[in-house]
1. Which shape class applies to the stretch 48-151: rounded if a/c is under 1.5, otherwise prolate when a/b exceeds b/c and oblate if not, where a ≥ b ≥ c are the square roots of the Cα gyration tensor eigenvalues?
2. Which whole-Hz couplings ³J(HN,Hα) result when phi for each residue of the stretch 103-120 is put into the Karplus expression 6.51 cos²θ - 1.76 cosθ + 1.60, θ = phi - 60°, listed in order with x for Gly and Pro?
3. How do the peptides 19-29, 86-96, 123-133 rank, highest first, by the average count of neighbouring beta carbon atoms within 10 Å per residue?
4. Take Arg153 and Val23, extend 7 Å from each Cα along the Cα→Cβ direction, and tell me the distance between the two endpoints in nm.
Amino acid sequence: MAGLLVNRRVEGVSPIISEVILVAVVIAISLIAASWLLGLWGVEQENFIAIPYLYVTGGSVASGGYPELVLFVRNDGVKSVVILRVEILMGDRGSYVNSTEITVEPGFRGEIRISGWEWVGTGDPPDLVRGGMYRVKVYTDRFGVYIQDVVSR
């Protein structure tokens, strides 16, 4: 069998399929690299924290003593955040509500005192008691609702 040539046909992936696979790999690597670079530079990194402290001022609520809520706020983001509404829940009877919109600018770190509450519930508003535990909800435009149980002082 010397001098006899064997003709073999080698089949591979079609050129179109190989180009599609190559383009998909390049796009995936580009997206991964862009995500990594943006993470390094901290582009559009948003961080907002609101910690409520509740104080009972002026005696009982029935005699005109409404709560004062102090929010310790930190906005480390690049965009302002609007606090839309704050609630102090009083069980199934209702809640104290403050719907004054408060804009927290980027870079702000400090406290915001909130007063001027409206009672939304059944009957007369109950007294807040020093040492009592209350649930506070802080509604924001960009980060949803912060919910925290707070002991009044």
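None of the figures in this text is laboratory data; all of them are computed from the coordinates on show. Keep in mind that what you see is a predicted model, and the values were worked out from it rather than measured. Positions of Cβ are backbone-derived with ideal geometry, glycine not excepted, and every protein chain shown enters the neighbour counts.
1. Details: a/c = 2.22, a/b = 1.93, b/c = 1.15.
Prolate.
2. Running phi through 6.51 cos²θ - 1.76 cosθ + 1.60 with θ = phi - 60° gives 8, 10, 6, x, x, 6, 9, x, 10, 10, 8, 10, 9, x, 8, 10, 7, 10 Hz.
3. On the way: 19-29: 10.3, 86-96: 18.0, 123-133: 13.1.
The peptides rank, most packed first, as 86-96, 123-133, 19-29.
4. 6.3
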